[in-house]
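In what follows, a single structure is set out as structure tokens and then discussed.
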Amino acid sequence: MLVNATEMLIKARDGHYGVPQFNINNLEWTKAVLTACEEMKSPVILGVSEGAGKYMTGFKTVAAMVSSMVETMGITVPVALHLDHGTYEGCKACVEAGFSSIMFDGSHYSIEENAEKTKELVALAHSKGLSIEAEVGSIGGVEDGVVGAGEIADPAECAKITDLGIDFLAAGIGNIHGVYPANWKGLDFEALDRIHKATNNIPLVLHGGTGIPDEMIQKAISLGVSKININTECQLVFAEATRKYIEAGKDQQGKGFDPRKLLAPGAQAIVDKCKEKIELFGCAGKA
Ligand code: 13P
């Protein structure tokens, strides 16, 4: 059974560790992430962007696949199925489709419009038992073709959105999606501290987890971050392992072209990467 993410994040906040959000792209991804989290006894949030949802033929397919996989794999750790960077319409569609958590990303609207739409979606999500994340200060980098500049969120705006009753907050602190450029200045911990103090101890979310140095991740957790999103890093290790397999000519040996064999090294690389992140976030054994 899927659970919403509120309880796991409150426990993480109080226990000073981070819960991973691993984004999923297909069946292999989902199976690999669930395998790693079950082995590590870690709660997990499966993130689905609108683009990935569309790729998998729609949110209903995703919800059915994840729910069935949790059951048939005998997963015992808490699993939340969460819309990542949702539009207003996408949020409504995920509530309908059986997700257990949504993120409304209204960071590109004026703060008034962001607040108005967030408020409406808080009421909808909570009426159906889902948790809801909101965003202030857009995260930089490219996500599904949308380029954000990597703003530092304004603490007063963060407080305004938090007061609407959201369950966790994504606030920009210089983090960006994808691989960080060589001249990246790092996370702005003073901004994080100000945001944390202004938002009544709400669990904070760190997007763009790929490529943030380990000590910065740990410092962010100590300053109120309870959820860390990882997407690109799993894609990179999957691609690398698959490339190695093909470059070694293994797809041409015996039945090495069988997708179950061809995709196995990449899937195993995702399992290993997830385990490494779970250790780093201090989430092992917390399920
Ligand atoms: P990365 O792709 O940089 O890991 O970011 C993931 C993310 O924040 C998803 O919302």
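Counting every other Cβ atom within 10 Å of each residue's Cβ, I195, I10 order from fewest to most as I10, I195.
By the Stokes-Einstein formula, at 1.567 mPa s and 4 °C, region 180-250 with its Kirkwood radius over alpha-carbon pairs has D equal to 91 µm²/s.
Annotation for E71 and Q253: the two label points, set 7 Å from Cα along the Cα-Cβ direction, are 4.0 nm apart. Shape index of region 1-128: Rg/Rh, with Rg the Cα radius of gyration and Rh the Kirkwood radius from the inverse mean 1/r over Cα pairs, equals 0.97. If you wrap region 145-224 in the convex hull of its Cα atoms and look at it from every side, the mean projected area works out to 5.5 nm². Within region 1-60, the ratio Rg/Rh, alpha carbon atoms throughout and Rh by Kirkwood, equals 1.01. For region 40-80, the set of trypsin sites (Lys or Arg not before Pro) satisfying both a DSSP loop assignment and a count of at most 16 other C-beta atoms within 10 Å is given as K41.
Determine, at each q value in 0.10, 0.20 (inverse angstroms), the log₁₀ of I(q)/I(0) that the Debye formula gives when each Cα of region 135-287 is one equal point scatterer. So the normalised log intensities work out to -0.44, -1.19.
I'd like the antiparallel share, as a percent to the nearest 5, of DSSP beta bridges with both residues in the chain. In the chain, DSSP labels about 10 percent of beta bridges as antiparallel.
Sites listed here are trypsin sites (Lys or Arg not before Pro) in region 204-287 whose DSSP assignment is loop and whose Cβ has at most 15 other Cβ atoms within 10 Å: K255.
In plain terms, if you count all Cα to Cα distances in region 80-167 and split them into 10 Å steps from zero, the share in each step is 18, 51, 29, 2 percent.
Each part reduced to its alpha carbon centroid, region 250-273 and region 151-180 end up 39 Å apart.
Mean projected area of the Cα convex hull of region 238-287, taken over all directions, amounts to 4.2 nm². When DSSP beta bridges are restricted to pairs lying wholly in region 5-96, around 0% turn out antiparallel. Roughly speaking, what is the centre-to-centre gap between region 46-80 and region 196-221 when only Cα atoms are used, to the nearest Å? Computed from Cα coordinates, the inter-centre distance equals 25 Å. Only beta bridges with both residues in region 24-167 are counted; by DSSP, about 20 percent of them are antiparallel. At q = 0.14 Å⁻¹, work out log10 I(q)/I(0) for the chain with the Debye formula, treating every Cα as an identical point scatterer and leaving solvent out; two decimals please. Relative scattering, expressed as log10 I(q)/I(0), comes to -0.96.
Computed from the coordinates by the stated procedures, all read-outs in this text should not be read as laboratory data. Keep in mind that what you see is a predicted model, and the values were worked out from it rather than measured. Cβ: placed from backbone, ideal geometry, glycine included. Neighbour counts: every protein chain shown.
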